[in-house]
Structure formats: C-alpha cells, structure tokens
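The values are calculated or read from the model by the stated rules, or taken from the named source; none is laboratory data. What you are looking at is a predicted structure, and each value in this text was computed from that prediction instead of being measured. Backbone-built Cβ (ideal geometry, glycine too); neighbour counts: all protein chains shown. Protein only, heavy atoms only, side chains kept; ligands, DNA and RNA dropped before computing areas. Shrake-Rupley method; radii C 1.70, N 1.55, O 1.52, S 1.80 Å.
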Amino acid sequence: MFPYFIMLIFCGIPLFFMELSFGQFASQGCLGVWRISPMFKGVGYGMMVVSTYIGIYYNVVICIAFYYFFSSMTHVLPWAYCNNPWNTRDCAGVLDASNLTNGSRPATLPSNLSHLLNHSLQRTSPSEEYWRLYVLKLSDDIGNFGEVRLPLLGCLGVSWVVVFLCLIRGVKSSGKVVYFTATFPYVVLTILFVRGVTLEGAFTGIMYYLTPQWDKILEAKVWGDAASQIFYSLGCAWGGLITMASYNKFHNNCYRDSVIISITNCATSVYAGFVIFSILGFMASHLGVDVSRVADHGPGLAFVAYPEALTLLPISPLWSLLFFFMLILLGLGTQFCLLETLVTAIVDEVGNEWILQKKTYVTLGVAVAGFLLGIPLTSQAGIYWLLLMDNYAASFSLVVISCIMCVAIMYIYGHRNYFQDIQMMLGFPPPLFFQICWRFVSPAIIFLQAQVHRRLPQNPLHFGSLPERNVLLHQLPQRGRVPKHDPPAPPSPARTYKPQVRVREVPRARRQRSPSPAPLGPPSPKPHPCSAAGPLSWDCPVQNRHSLARSSARLLANSYAAGPEARQWEPAP
C-alpha cells in the first residue's frame, strides 16, 4: 500500500483540489473552462473522449452485474455445482452434489475432490464455467463476434434506462438519487464484513491482504498500478470533477471537500479490502489451499472468485443478491457522472436557448448512442473488446491529460493568477503544500509515470490474464501491489462521491460568452433558482456572480488599492 499512499498524497489529492477549484471558479464544464487558454481546449475534448469510452463499456459491466443479480433470485445459485448442461468434464465444484440443501456446505470434502483441488492444474470452477460458457458464451477470437447475447442486451437496455431516468432532470434528479447510491453500499459492505470476519479462515485472508511484499517495492509496474488506481479511484482527468464542481456555490469551500472526499475514498478502499479478503480467506481454508490460489482481480474477482466464495455461505442466494446489488449501485453512481459530463459539455459548447431548454433530449440522445455503441460488447467476443478499451483507451491517456492540465494552469495561465482566483473564491490562498505540488511535485510525478509507462513491456492481452486494473471493483485493494479498480470500480462506495461535490442542485443557465479569449475571471451571471432545502440546509438565496472584464489578478490589486472596505469581493445580488 505504500506506493498507493504516496501517489494519493503527492498526486491524487492535489489534482482533485485543482479540478474542483477550476470548475467551481469558472462555473463551466470540461470544455468551457478552457477559455483561460483556448489552445488547450483539446484537453477538454480529451476528457470527453475518455468519459465516452469509459461510459460505453462501464455500463456493459453494470449490465453483467444486473444479469448476476437476476440470476441470484433462485433457491440454489446456478454457478454452485457442475451438474449443468454447460459444464465440462474439467469442472470441479467445491460443493458435493449430494449436499444440495438450501445453500448449506458440506463439512468435509471428498478425498478425490480435495486432491483435484490441491494438485490439478486442469480444474475449472463452476463459477468460471458459468461466466465463460453460459453468461458470455465466449468465442475463440476477438474477430469472431458470434451472436449477440440477448440476456445481456436486455440487461444493457435496463441499465441505460435506469441511468437516463435518474438524469432526466439533470443534477437536480441525480443529486437526490446519489444520496442512496453513495450510502447504501456502505450498509452492504458492513453486512458482508461482519459475516466475513466470523467465518473460519477469515484471519488468514486478512493477514494475506495486510502483509506487504517489500521485494516488489522498486518495481516500476507497482508504482504505475498505484498511479492508475489513484486516477480511477478519485476520477481525476475524466472531466467529471470539473463538471460537477461547476454547480457549486461560488464561495463553497472546495478545499475542505477535496480533503474529506479523498481521505474517505482511501479509507473505503482499505475497508473494502477487509471485506473481500475475509471471504477469500474462508474460501481458501475451505479448499485447503493458499489464499493466492483463490485471489483474483478485475472481472475475475467480481464475477468468478467472489461468486464462488458466496456459494460456500449459508443462504448463499441472499448474500449474492446483496453483493451484486452493491455493485450495481456503485456502477450507477459512476455512470451518472460520466453521462452528465458529456451532456454538460455538449450543452455548454452549443450554448443556444433551444438546447438549454431541451437538455433532456440531449441526455436521451447520449443514452441511446451509448446503448447502440455498447451492443457489440454484448456479443460473444464483447469481453475482448471491453478489456481492450479498458486497458488502452483510459489508462495512459489520463496521465497525459492531467500532466498537460497542470502545465497549462500553472505555467500558461500563471500560478499567481490561479492562487489569487482561489483566494477570491475561498477567502484564503491554497496551502503551501498544494502550491508546491501543483507547480513542481505533481507534474514531475506524472511525467515520470508517463515515461515509465512507455518503457514498460507491453504484453499482449489475453482474456485468461485480465488487466491489472480492475474494471468495476477498482476500489478493492490487492495484496503485494496496491489497491486496485473496475468502473471503474469499486468499485467501493467512494467512487460515487463525484456528484456529492455539488453543493447546489440547480439547472444551469445560459452563459454569456465573450467574443475573444480573456484571462479567467469571475464567470458570467448565472441565475440559480431556489429549490427545496436539502438535508444539509443548502438553501436560497444564492448570490449571482458578477461579470468582470478584468483578470482576477488585476481585480485583487485594485481592491487592495481602494482600501480595507473594498478588499472583500462579494457578488452583487
């Protein structure tokens, strides 16, 4: 975990604060904020492309979670035994067919089965064959699409309908839904944790999770995995943080939000690791093998290893329902942010009165396009393309985007201007630690990570060797390396934090755009109609922002020259 915490402190939290303050001050999406330097607007388009790629395949992972959720509504889980039509002769289940009793497990394993589980390299579990041969009906090549899996296609439609209905009124509707999607997974995690630590062998799994492998601390790939986990876990360089922060009040304390959310996210990742490895330790103890034999990552953890472990629990369908319901909520929380990022960027870029009034139709169009583009991923070769997109479309690109963003803000727009903007907005300049990280430490770390990524050997992707970064469970840590993802993901409940940074859930008004680029100053007037008070009493009235033609640095200089009574800038009501 050491590389993970280093990347979090010196790279993750500073970038998180930068994006929140950037979007909140400009009150624009990931495209509109680059009026500070139009030549870097391509960074905003890069964020949109990354969000598009992730949004397409991420909902496919959610649809698979829906499929497993519906399949768990049965007396006996379909991946518990090897007596199904799709099973092969190599299948060896951990449950004996004679113990087909309401989810109970046998006290001991037959000697021949134990020998097979401990020594045979040909053993395939019922959950793996269910995943490969029944759910995916996996083809033999990435170019052999085969048929579209109709059950997965139906679940994909369900997931996109749910996402659209939750975003039908923009952030006003998604902001209410996220109170449930962001908090209920903690309830499920706690239930699974209490159940997991009471099982035999749970302590062995937890110790496996906590014991570091110091011999790997100098491996470049470990630090690369740490950086990838941080970017996926915190959502940096996706454009979602800038978009959601643009709905904040102008004087909202985004510095406080950044620190609290980042620490909560890290703590949730560690907590989720205890939940996962307690169950895996029980499974290893039940099979009589080492925890490393049952531990997995990526889709293999979400849809093979953990479901197989759930079959060993009493009343296994209940635990399976809870687990996959949690995955669905985690995935939807992330998908809300991805879709809202795209819709906001389109609306802000067009900016005419018609599209502002018809934002719901824009949301519908993006959802329909995402569904159509996701259909090939539900084919028999879809998992190959999903892993290809996950491994190449949204990994190294996040590093490049964040590095260019740091350079553009700190050295093109100017660090003094940006620090004065934050002081105008928050009432105090950013702490010295963040100033140093923004100017030197974070860009240097990101640049070194980019160079390391280029020099690492690029091994061919194989479905049997899933990518190191998790697609959906991106919050679940891996022992000996760093806490891993999804998608993702868990992802953990922390991943769904992004909509929570919005202090104000109101519709966006049309922006007044200047004919020529100008330094970033307080944004154009943006009316915020009153709405019902939220649970944290974020009430009206919301002060309108003053439109200034001068840069923020010039504004501060003039205010100090005018006297003490003019130093506190306050937007006109």
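When ligands, DNA and RNA are left out and all protein chains stay put, how many square angstrom of accessible area per residue does region 322-465 have with a 1.4 Å probe?
Value for region 322-465: 41 Å² per residue.
I'd like to check one number: the per residue accessible area of region 173-219, probe 1.4 Å, reported in Å² as a whole number.
56 Å²
What order do you get for 186-193, 266-273 when each peptide is scored by the mean count of other beta carbon atoms within 10 Å, highest first?
The densest-packed peptide leads the list: 266-273, 186-193.
Can you give the FRET efficiency for D141 and R256, using 1/(1 + (r/R0)^6), R0 = 51 Å, r = Cβ-Cβ distance, to the nearest 0.05?
With a Förster radius of 51 Å, E is 0.50.
When the accessible area of region 145-272 is computed with all protein chains present and a 1.4 Å probe, what percentage of it is carbon and sulfur?
73 percent
In Å, the Kirkwood hydrodynamic radius of region 320-378 over pairs of distinct alpha carbons?
In region 320-378 this quantity evaluates to 13.2 Å.
By the gyration tensor of its Cα atoms, with a ≥ b ≥ c the square roots of the eigenvalues, what is the shape of region 335-426: rounded for a/c under 1.5, prolate for a/b over b/c, or oblate?
oblate
When the accessible area of region 353-459 is split by element with a 1.4 Å probe, what percent falls to carbon and sulfur?
Ligands and nucleic acids excluded, carbon and sulfur give 68 percent.
Separation between the T264 and K176 pseudo-spin-labels, each 7 Å from Cα along Cα→Cβ, expressed in nm?
Rounded to a tenth, the inter-label distance reads 2.1 nm.
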